[in-house]
Amino acid sequence: MEQLNPERELIALCIEDSALVPEVRARVSPGAFKDKRNRKVYSIILELSERGEPIDRLIVSDNLMNTSAFEDLFKNDSQALESWVLGYQANESGNYVKYSEMVNDRHQRSSAKQEFEKASKRIKDGQSVVEVVEDLNVSIEKTERIVAKPFEAFSNVIDDELRSIGDRSK
């Protein structure tokens, strides 16, 4: 049995219900996706949503084939791309919040492990501990920016604006 992948699940939910895209976007930035193919597909979904265009597997595939990333990610093999995109099948439509958290958590753990390994090697190679720790802090801040909620959900922005208008009219 294939293990569920929160990145693919989250993308599948966005494809199957494009109304979720603003909510998911408010929770996960493209940089949190470990798999570069998923990262690119998610970025395309966000771009389509911003332009108000429909989102489905065919449209996402077509948009990806028309990017320079197509060669790098799929070696210009449209069948490999189609197989990849058709594999996005959502299992639990109500779990986008949990999947978002899982994507962010996995990104944080993976980044922490990589940065720790780099820092250990640099210290073993004789670099200044202070310099290594300062660089490690910069890397941690960068990771935190990636997993921070990149946007406030549109519905929250509207609610805040309506409350503000109501307060001003009193």
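The values are calculated or read from the model by the stated rules, or taken from the named source; none is laboratory data. From a predicted model like this one, the values you see are computed outputs, not experimental measurements. As a convention, Cβ positions derive from the backbone with ideal geometry for all residues, glycine included, and neighbour counts pool all protein chains shown. The accessibility values were calculated without ligands, DNA or RNA, using every heavy atom of the protein model including side chains. Shrake-Rupley method; radii C 1.70, N 1.55, O 1.52, S 1.80 Å.
In segment 67-90, the residues that are modelled with pLDDT of 80 or more and of a type in the set (Ser, Thr, Tyr) never reach a residue that is open to solvent by 40 Å² or more (accessible area, probe 1.4 Å) and in a helix (DSSP H, G or I) with C-beta atoms less than 7 angstrom apart, at least six apart or across chains. Among the residues making up segment 114-128, those that are surrounded by 11 or more Cβ atoms within 10 Å (Cβ to Cβ), not in a loop (DSSP other than H, G, I, E, B) and not hydroxyl-bearing (Ser, Thr, Tyr) are GLN114, GLU115, PHE116, LYS118, ALA119, LYS121, ARG122, ILE123.
For (1) among the basic types (Lys, Arg); (2) under 16 Å from the mean Cα position of the chain (by Cα); (3) open to solvent by less than 60 Å² (accessible area, probe 1.4 Å), each residue gets a yes or a no:
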| site | (1), (2), (3) |
| --- | --- |
| ALA19 | no, no, no |
| PRO22 | no, yes, yes |
| ARG37 | yes, yes, no |
| ARG51 | yes, no, no |
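What residue, among those in segment 24-35 that are open to solvent by less than 10 Å² (accessible area, probe 1.4 Å) and out of contact with any His (no Cβ under 6 Å at 6 or more places or on another chain), is farthest from PHE70 (Cα to Cα)? Of everything passing the filter in segment 24-35, ALA26 is farthest from PHE70 (Cα to Cα). Residues in segment 146-162 include none that are more than 26 Å from ARG27 (Cβ to Cβ) and either at pLDDT below 80 or surrounded by 11 or more Cβ atoms within 10 Å (Cβ to Cβ) (or both).
Every residue in segment 32-59 that is in contact with an Asp or Glu (Cβ under 8 Å, 6 or more places away or on another chain) and either of a type in the set (Val, Ile, Thr) or in contact (Cβ under 8 Å) with a residue 60 or more places away in the chain (or both), please. PHE33, LYS34, ILE59 - these are the residues of segment 32-59 that are in contact with an Asp or Glu (Cβ under 8 Å, 6 or more places away or on another chain) and either of a type in the set (Val, Ile, Thr) or in contact (Cβ under 8 Å) with a residue 60 or more places away in the chain (or both).
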